[in-house]
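Just below is one structure, and these are the notes that go with it.
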Amino acid sequence: MTADDRELSELRSAVREFLDTKSPEEAVRKLMESEPRFDPDVWAQAADQLRLPALAIPEEYGGDGFGAVELGVVLEEMGRALFCAPFFATVVLAAQALLASGDQDACARHLPGIAAGTTTATLAVAEDHGSWDPALISTRAVPDADGGWRLTGRKCFVVDGTTADLLLVVARTVAGPSLFAVDRASVGVAAEPMETLDATRAMARLTLDAVPAVLVGVQGAGGRVMAGVLDTATVALAAEQAGGARRCLEASTEYARTRQQFGRPIGSFQAVKHKCADMLVQVELAEAAAREAALLAAEGAADLPVAAAVAHACCSRAYLSVAMENIQVHGGIGFTWEHPAHLYFRRAKSSQLLFGGPAVYHERLLDRLGI
């Protein structure tokens, strides 16, 4: 099911109004220094009032059955507001991993809770090296006497890993990388927060010591699942990056119109005009790339992997560039802790590195192109 332009506009307005109320700068700064790194009451309201966790989950599992286009609208608004919530980890990473696995029993077990907002989840792939390359997965899964599995290893850079109820872990069996479901409260799971550049997106390090787990999908299919989730996740991240970049542009132009220097607005100076014009070009390009990739994802197009890689590269570069220029336009005040410009810069940089960084995603694009 795909919404029309009017419905997408209404969705954007509703989400923006909600986030303007629930995720102002003051709330973001407070949550950055708290644990958990989100407000459970606000998360419950997002689920009950707007049904945001259910948006992109199939109706058969209690969701609303929408797709990547609608998800992109929501993520643009969340990126614009630096919304601190387990949405990306739960709805984008974990839910899409369950769907990509093709395991109907696992989907029926976990997705209704995710759709209702009562279950939070995440996907644990990267290890100390931070790579999503299936060949580098060293966490091990071995069968136990009860017919289940036991996982041993360590995962790093797990989004919302200290608070997620459900952990979907990629571990290696004799058949290759495979996907497993783990209850975070299980004996043998140790989750500790990681101190990263961007405090608005919580990261965790997981240590697994013979942790009981349930196989999701089939053995050895973890690489295929990871590839599918990576395409979906980079499209979603591109939308979030485009939303953040648009907000940086708005902040710069607002400041350029009102800040007076030498008796005139600084926006009247050619150097500032050029900066804002360059920022506009970057933002428009990022939005176009992100929205085109979301449309192809919704259609299940064959060239989605290429579009996803292009959107990730384009939006990562644009967001970081615009966030840096936003600081420059604001001058001295833009470099202070009290000004929000650095929050967007931190999010831009962390998003650029989330799935491996420029060298990795450019290689991914070449691979998708068959070069």
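No value in this document is a laboratory result; all are computed from the given coordinates. All figures in this text were calculated on a predicted structure; none of them were measured in a lab. When we count neighbours, we look across all protein chains shown, and the Cβ atoms used for this are built from the backbone with ideal geometry, even at glycine.
A few remarks follow.
- Seen from residue 302, the other residues with C-beta closer than 15 Å to its C-beta sum to a net charge of -3, counting Lys and Arg as +1 and Asp and Glu as -1.
- Computed label-point distance, nm, for sites residue 366 and residue 48 using a 7 Å Cα→Cβ extension: 5.3 nm
- This model, with +1 at the C-beta of Lys and Arg and -1 at the C-beta of Asp and Glu, gives the chain a dipole about its Cα centre of some 1080 debye.
- Of all DSSP bridge pairs formed entirely within the chain, close to 85 percent run antiparallel.
- Label point at residue 219 placed 7 Å out along Cα→Cβ; residues across the range 174-192 whose backbone nitrogen lies under 18 Å: 174-181
- The distance between label points at residue 33 and residue 274 comes to 4.0 nm (points 7 Å beyond Cα on the Cα→Cβ vector).
- One way to sum up the overall shape of the range 121-218 is the equivalent ellipsoid from its Cα gyration tensor, whose semi-axes run 22, 15, 10 Å, largest first.
- Point-to-point label distance, residue 288-residue 194, nm (Cα→Cβ direction, 7 Å offset): 3.5 nm
- Residue with peak Gaussian network fluctuation, the chain [Cα springs, cutoff 10 Å], from 350, 178, 268: 268
- Restricting attention to the chain, lysine pairs at least eight places apart or on different chains and with alpha-carbon atoms under 24 angstrom apart total 4.
- Extension gain, residue 264-residue 338: 0.36 nm per intervening residue step, less the Cα-Cα distance, totals 24.1 nm.
- Taking 290, 202, 46 as the candidate residues, the one with maximal mean-square fluctuation in a Gaussian network model of the chain, Cα springs under 10 Å, is 46.
- Three-way shape call for the chain based on the alpha-carbon gyration tensor, with the a/c threshold at 1.5: prolate
- Sequence-distant contacts, meaning Cα pairs under 8 Å at least 6 residues apart, place the relative contact order of the range 224-368 at 30 percent.
- Gyration tensor verdict on the range 5-116 (Cα atoms; rounded if a/c is under 1.5, prolate if a/b is larger than b/c, oblate otherwise): oblate
- Relative contact order (percent, whole number), the chain, Cα cutoff 8 Å, 6+ residue spacing: 16 percent
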